[in-house]
Every structure is written in C-alpha cells, then in structure tokens.
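Following: one structure in structure tokens, then a few remarks.
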Amino acid sequence: MTSETAPDIKVNNLNFSFPDGSIGLRDVLLDLPPGSRTLLIGANGAGKTTLLRLLSGKRLAPSNTISISGVDPFKQGLEGVTYLGLEWVLNPIVRTDIDVPTLLSSVGGDAYPARRDELVSILDIDLRWRMHAVSDGERRRVQLAMGLLRPWTILLLDEITVDLDLLSRSNFLAFLKRETQTRPCTIVYATHILDNLASWPTHLVHMHLGKIKEWGPVEQFDVGKIQVSGNSQLGDLVLKWLQDDLNERGPRGGEKDDRRGKMDVGEGIGGYGYEKRS
C-alpha cells in the first residue's frame, strides 16, 4: 500500500463460524474501491461487527478471503487500519479522573498538533474537561478524537456515534467525508442512525443473517424512487430493507433464525490496551 493510493477492500467467498459452531458469515463477497465511503446496513445480529473485526485483522479469516490493497490484514498487521468498535468504546481509561490534553497526548497528540486541534474544534471538545465528570456524549467526542488522531488509511466504524448530539455527529461525518476527498483513505461505517447521511456514502452494503443480500454504488439503488415517509430517501430504503429482513426471518428463535442473537464482542481488548470485563 503506497502513501499516494487509497486502499481497496476485497472479500472473496468469506465464511466464518464462532467457536460454538454457529454461523457468523456466509459466502460474503465484496469489492469496495479506493477512497469509498461505505455504509454497512443490517438489523442487530446481521453480522456487521463480525465482518468489521475480520476486515480489521482482529479475527483470523480463512486464507485468501480478505485483502486490503492485496494484503491479508491479519497475517501482515497493516498499521493504517483503524477499527473503532465496542471494546474500544468500553476502555476504562476514558472514565478516570484525567484531563483531555493528557489523554490526547498519550495517543500521539503532540506528534500531530494540527490534526489534534482540528478534531478538538470539529468535535467541540473543552480541554478543561475531566473525563470522570463529563456526559456520555462529551466522553464519546474525546474518544473519537483519540481514535482518529493518527492518520489512517482504512477506517472501520462500528456504531460509535450513538451518544453524539445532532450537530456533533454532522460535523464528524463532514470531517470523515473531507478525509476521503483530500487524502488516500477508505471508510466502512456500520450504523443504524441515518441523520445527515443521505449524501455521505458512496456505497451501500445490506447484510442479513450473516449474508450480504445486496451491495454496490449508491446510484445503483435509485433511492429517488423510495419516498414513503418523512424520512430521507436513504432512510426509506433502509427501512424497507429491514422490514423485508424481518419478514424473511420470522419470529426470534424460529426455524429461520439460526443465528439466535449471536454477537461478536471480541476478546476484551480495547483500543488502547487491555480492559477487564465484569
């Protein structure tokens, strides 16, 4: 992967099972181009987190099923891949009595002062905050600044904007869009929150019960034809997908629901080290 070229993401017939034998992913096939911004859509338990963890190299995928610019992320441990998910959010260091400048310095803030200051401004972070005394939304802003401070080439986001207010989330998404437009990088973002996202993605991936039902450039889905509610056209498309998925799956625990609440929460390793789980 060269510094001048954004990475692509290729997934070829990826299958994955959990240690208990239950199926996590089935026959996943993707080809996301360099510089793309992909929304990963699906109901809870669709397999989004499992796919992101495999893409990040945090879980071992079968040989020749995943490549980032032609490289296996698990075997070669690409430094430019950043994954921000559940275990990163739960890292206990951000709940201790520590100030924001010290936290940012601990993850490279002094090495990237311009980027640090930009993130502080975009996320409206008060440098006087003490982390044990802030709200969940304020804490999440600081976490995002920490996670994005070092420049990345692949960014994998797993439902990490849930605590942000509307303005902070809008500014954050605008920052990510500018990143892909001004430097070589690629983003995959799993989320259920579609506010301010109508013009953000270049690609959509629809997952259901460990499979990819459909994927491709946003233009392929012709969201202009779907205007049912007061939602954005993208919102109506996703709402239709999820309703169709629910109808196809049937009741929880039924014959078609063979994944039964399976969720990939990892090994308890956070974004900055190890944390204990209660």
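The values are calculated or read from the model by the stated rules, or taken from the named source; none is laboratory data. Owing to the predicted nature of the structure, the values given are computational and were not obtained by experimental measurement. Every residue, glycine among them, receives a Cβ derived from its backbone with ideal geometry; neighbour counts consider all protein chains shown.
Against the numbered list (1) free of Cβ contacts under 8 Å to residues at least 12 places away in the same chain; (2) in contact with an Asp or Glu (Cβ under 7 Å, 6 or more places away or on another chain); (3) hydrophobic (A, V, I, L, M, F, W, C), CYS185 comes up short only at (1). Got at least one residue in the stretch 50-61 being at pLDDT 90 or above, touching a helix residue (DSSP H, G or I) at 6+ places or on another chain (Cβ under 6 Å) and not in a loop (DSSP other than H, G, I, E, B)? Taking every residue of the stretch 50-61 in turn, none turns out to be at pLDDT 90 or above, touching a helix residue (DSSP H, G or I) at 6+ places or on another chain (Cβ under 6 Å) and not in a loop (DSSP other than H, G, I, E, B). Considering (1) in a loop (DSSP other than H, G, I, E, B); (2) within 22 Å of ARG53 (Cα to Cα), say which one LEU164 fails and leave the rest. Here LEU164 meets the rest and fails (2).
Filtered by the rule that a residue be over 22 Å from GLY24 (Cα atoms) and either among the acidic types (Asp, Glu) or surrounded by 15 or more Cβ atoms within 10 Å (Cβ to Cβ) (or both), the stretch 49-80 gives SER69, VAL71, LEU78, GLU79, GLY80.
Summed over the stretch 194-240, residues that are modelled with pLDDT of 80 or more and small (Gly, Ala, Ser) total 5. Screening the candidates THR186, THR191 for the property of being over 21 Å from ASP245 (Cα atoms), crowded, with 18+ Cβ neighbours inside 10 Å, under 13 Å from the mean Cα position of the chain (by Cα) and at pLDDT 90 or above yields one hit, THR186.
Remark: pairs (first residue in the stretch 66-92, farther than 18 Å from PRO34 by Cβ; second residue aromatic (Phe, Trp, Tyr); Cβ separation under 9 Å; 6+ apart in sequence or on different chains) = TRP88/TYR272; ASN91/TYR272.
Inspect all residues belonging to the stretch 196-209 and state whether any of them is of a type outside the set (Ser, Thr, Tyr), more than 21 Å from ALA43 (Cα to Cα) and touching a residue at least 60 places away in the same chain (Cβ under 8 Å). Within the stretch 196-209, not a single residue is of a type outside the set (Ser, Thr, Tyr), more than 21 Å from ALA43 (Cα to Cα) and touching a residue at least 60 places away in the same chain (Cβ under 8 Å).
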